[in-house]
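Notes follow once the structure below has been shown.
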Amino acid sequence: MSEQLHLAPPPIWQSLEAVESSARACRDCQLCQSRSNVVFSAGNAKAKLMIIAEAPGRNEDEAGVPFVGRAGKLFDKILEAGRIDREKEIYLCNVVKCRPPNNRPPAKTEIQACRKYLEAQLELVRPALILVAGATAVEAILDVKDPISRIRGTWFDCQFGAKVMPVFHPTYLLRNDSKEIGSPKWLMWQDIQEVRKQLDLLN
């Protein structure tokens, strides 16, 4: 799709519950036609760490929860290894809240249509740290197109007042199974240790 969406100014939501209610009724882009569930968030809305991925996959669309299935199980193992509690220490969401067909990357018009919900989540959760998983999420939050292999593990300042680190998406790690020094999984382990360190400093 090359045409731009012309949306009304987003409303000022007073709570995450109100944002989620609007998202569940949303029909601002074509993804509403094929979704089973709107995948809004999971975890603790008062967490200091937010993790933003690009879009729900098939398992997430079926369950209505982010980071489930094989990638979700690997993600849980990574968090456990880094001593990070998924339920208490993280707020999880995606750049877009509905699954793109065949798990393709979301289109720019779809990201634009869903942006108001993500910005409301950022405004209401107010995380101190943000991990952006995958190229689409990195570009949406940091407005950069550098390969994640080049910028992962680096903290950036963003307009939302948080420190932001790009990291590999769990689905990428599933395709790159080596744990050798310098491999994506090994680098992810370094990144999660750094996140744990920053959370401890905040606490």
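Quick notes on this structure:
- Candidate set: segment 11-25, residues that are surrounded by 13 or more Cβ atoms within 10 Å (Cβ to Cβ) and touching a residue at least 60 places away in the same chain (Cβ under 8 Å); chosen: the one farthest from Arg99 (Cα to Cα): Trp13
- Residues that are out of contact with any Leu (no Cβ under 8 Å at 6 or more places or on another chain) and assigned to a loop (DSSP other than H, G, I, E, B), drawn from segment 52-66: Glu54, Ala55, Pro56, Gly57, Gly64, Val65
- Of all residues making up segment 149-163, the number that are assigned to a loop (DSSP other than H, G, I, E, B) and within 16 Å of Glu194 (Cα to Cα): 5
- Filtered by the rule that a residue be at positive phi and basic (Lys, Arg), segment 72-127 gives Arg83, Arg126.
This table checks each residue for (1) touching a residue at least 40 places away in the same chain (Cβ under 8 Å); (2) among the small types (Gly, Ala, Ser).
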site	(1), (2)
Leu131	yes, no
Gly134	yes, yes
Arg150	no, no
Lys163	no, no
Phe168	no, no
Asn176	no, no
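- Filter pass, Lys185 being more than 13 Å from the chain's Cα centre (by Cα), surrounded by fewer than 22 Cβ atoms within 10 Å (Cβ to Cβ) and farther than 24 Å from Gln30 by Cα: yes
- Segment 33-47: number of residues that are touching a Pro at 6+ places or on another chain (Cβ under 6 Å) and at pLDDT 95 or above: 2
- Any hit, segment 81-90, residues being outside any loop (DSSP other than H, G, I, E, B), surrounded by fewer than 17 Cβ atoms within 10 Å (Cβ to Cβ), more than 16 Å from the chain's Cα centre (by Cα) and without any contact (Cβ under 8 Å) to a residue 12 or more places away in the chain: no
- A single member of Ala135, Ala128 is surrounded by fewer than 21 Cβ atoms within 10 Å (Cβ to Cβ), of a type in the set (A, V, I, L, M, F, W, C), under 14 Å from the mean Cα position of the chain (by Cα) and closer than 18 Å to Gly153 by Cα, and it is Ala135.
The values are calculated or read from the model by the stated rules, or taken from the named source; none is laboratory data. Because the structure is predicted, anything quoted here is derived from the model rather than measured. Heads up, the Cβs are rebuilt from the backbone with ideal geometry, glycines too, and the neighbour counts pull from every protein chain shown.
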